[in-house]
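Here is the structure we will look at.
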Amino acid sequence: MVMKKFEVQENKLRLDRFLAESFKEVSRSRIQKDIEAGLVFVNKVKVLEAKFVVRSGDMVEYDYTEEKKIQAKELDIKTIFENKDILIIDKPAGLVVHPAPGYKGVTLAEGLLHKYKDIKVIGEDEIRPGIVHRLDKDTSGVLLVAKSQKMFEHLKDSFQNHTVKKQYISLLAGHLPSKHGFINTPIGRHPTDFRKMTVNLPKEPKESVTEYTVLEYLPFKGENIKGRKSIDEFTLVRVNLHTGRTHQIRVHFSSLGFPIVGDALYGPKNNCSFGLDIQRQFLHASNIEVQLPDKSWVQAHADLPEDLKKVLIDLKAKNINL
């Protein structure tokens with residue numbers, strides 16, 4: 001990391017705008033993310049809001065890490081649908097969508113560059129070629145990629161207008177009492193932990209709507225382990241997103257007291273797996289549906305991956321002995 005220092009010469013400028021004008025090598029979107037990550041200081045005080053106003057004489061410090069230019073790397077990409085403008089893939093758990101500071105593994109973006117060389121000029125950021133949305137590293141399932149700039153702009157508008165239909169499968173800890181419902185609680189950045197989103201006094205909250213349907217209740221008799229939260233039932237749900245906020249499903253269910261099984265960030269710290277054999281959050285993007293510019297619709301489905309199938313098989317096998 002390199003600490004960049006800038007002195008403000010004008011009054012009443014947004015912090016992100018000031019840095020974008022002062023440090024032209026970096027995109028404003030990257031600057032906004034770095035501000036939220038706690039990498040920018042004004043007069044030695046950490047500032048976490050891009051809209052913070054700086055004034056003449058203020059000293060701004062930016063703890064900047066240069067983004068490496070991504071290189072094409074061979075990666076097995078499972079394709080569900082493809083035409084000349086759009087690609088829909090089945091992303092495995094553990095695969096990061098695009099590079100981030102400090103991450104040294106292969107990313108989907110690098111794999112896309114290897115297989116589709118022309119995609120490097122698609123999009124708004126060279127480290128996110130063709131990528132319009134993302135899934136968390138440990139979330140599996142369907143993901144859209146644009147292969148032309150026209151499609152990129154179309155998909156970007158579709159996501160902003162909430163016309164892309166996305167469906168997930170998830171396993172929750174506890175008995176979710178209502179078999180169908182909506183969680184309509186605004187989400188924003190956590191005020192002190194930059195890794196997390198929250199419904200409790202969030203920074204710049206945004207409308208967030210999650211619809212769920214219970215697929216199955218699964219009883220469980222786990223071992224009584226000292227210091228760990230006991231649980232006697234799980235709820236398998238189908239989730240439809242009406243908005244697409246960062247960590248939306250994970251935050252919404254955790255806020256109700258029914259965290260996703262295996263979620264180390266939003267579940268209980270001492271036992272996020274609740275006694276089940278799972279190494280990541282039980283969250284899978286199973287279906288996506290999008291309208292193309294010619295008004296036709298494309299639908300894609302990704303089967304539940306083997307690690308999550310095994311969790312359900314093992315859980316149901318234990319139920320036989322209850």
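For the reader, a short list of remarks on this structure follows.
- Any hit, the range 261-282, residues being buried (at least 21 other Cβ atoms within 10 Å of the Cβ) and either of a type in the set (Asp, Glu) or under 29 Å from Glu153 (Cα atoms) (or both): yes
- Residue that is at pLDDT below 95 and under 24 Å from Phe258 (Cβ atoms), where the choices are Leu113, Leu201: Leu201
- Being of a type in the set (Phe, Trp, Tyr), over 30 Å from Leu108 (Cβ atoms) and at pLDDT 90 or above is a property that Phe6 lacks.
- Residues located in the range 164-179, provided they are assigned to a loop (DSSP other than H, G, I, E, B) and at negative phi: Val164, His175, Leu176, Pro177, Ser178, Lys179
- Checking Leu276, Leu241, Leu265 one by one, the residue that is of a type outside the set (Val, Ile, Thr) and out of contact with any Lys or Arg (no Cβ under 7 Å at 6 or more places or on another chain) is Leu276 and no other.
- The listed residues are Gly174, Gly188, and the only one of them that is touching a strand residue (DSSP E or B) at 6+ places or on another chain (Cβ under 7 Å) and free of Cβ contacts under 8 Å to residues at least 24 places away in the same chain turns out to be Gly188.
- Answer residue from the range 78-125, given it is loosely packed, with under 15 Cβ neighbours inside 10 Å, of a type in the set (D, E, K, R) and in a loop (DSSP other than H, G, I, E, B) and is farthest from the chain's Cα centre (by Cα) among those: Lys84
- Strands (runs of 3 or more DSSP E) lying entirely in the range 1-66 (those with 1 or more residues that are among the acidic types (Asp, Glu) and surrounded by 14 or more Cβ atoms within 10 Å (Cβ to Cβ)): 59-64
- Any chance Arg238 is basic (Lys, Arg) and not in a loop (DSSP other than H, G, I, E, B): yes
- So Leu215, is it among the aliphatic types (A, V, I, L, M), more than 30 Å from Leu87 (Cα to Cα) and either outside any loop (DSSP other than H, G, I, E, B) or at pLDDT 95 or above (or both): no
- Among the candidates Thr198, Thr235, Thr243, the residue that is touching a residue at least 24 places away in the same chain (Cβ under 8 Å), polar (S, T, N, Q) and either touching a Ser or Thr at 6+ places or on another chain (Cβ under 7 Å) or surrounded by fewer than 17 Cβ atoms within 10 Å (Cβ to Cβ) (or both) is uniquely Thr243.
- Any hit, the range 18-40, residues being modelled with pLDDT of 90 or more, of a type in the set (Lys, Arg), within 25 Å of the chain's Cα centre (by Cα) and not assigned by TED's automatic domain parsing to the domain that holds Val145: no
- Tallying residues that are in contact (Cβ under 8 Å) with a residue 40 or more places away in the chain, among the hydrophobic types (A, V, I, L, M, F, W, C) and touching a strand residue (DSSP E or B) at 6+ places or on another chain (Cβ under 9 Å) within the range 94-129 yields 4.
The values are calculated or read from the model by the stated rules, or taken from the named source; none is laboratory data. Everything quoted here is computed from the prediction, not taken from an experiment. Neighbour counts run over all protein chains shown; Cβ positions are idealised from the backbone, glycine included.
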